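Data first, discussion second: the structure below is written as structure tokens.
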């Protein structure tokens, strides 16, 4: 299929990346570009903001609604470049329209548009499924990260989740900060020989014995 413009989206991306932008925005632009290229090479031509926005949200790039914010202008420019390059968007291609002439028999225009949208979404989902069928399949390890596998003659292998694997990165960071020398010094505290946290001026016990050692054991 020939394009309607000679400006390739690659050049638009280069122009967008050459402007002063945050590193995370540039990463998202590259990811969005790869997403559009994948669909274009697969024969997909519906590069509307609504359609690509939902696909980008499904891919974890950004929220569909955020695409309409002022700060998302670069993303909209890139999507528009692909829309111009690929040609006019058709919710229902001509061959498909011929198969769905019955839509014109629906008298209520609102209902007719609604049914047409449902058909378009179904066709898009079918396209996505066919695209996924061509990808390489791999084995997904469903065992939780940080788990030890214990074999039992009767029950078989069992995944035992270690305490450290149950902590989120922010929780680990918070615990590490609680016993860091910099934090203790800033609070006027010191760590005792038995893991207690004391006020170095009054020797008042802030946290009981074993506090810091328990955190270190938990964090491994």
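None of the figures in this text is laboratory data; all of them are computed from the coordinates on show. What you are looking at is a predicted structure, and each value in this text was computed from that prediction instead of being measured. Positions of Cβ are generated from backbone atoms using ideal geometry, with glycine treated the same way; all protein chains shown enter the neighbour counts.
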Ranking of 36, 51 by count of other Cβ atoms within 10 Å, fewest first: 51, 36
How much length is gained on full extension from residue 19 to residue 205, taking 0.36 nm per residue of separation minus their Cα-Cα distance? 61.4 nm
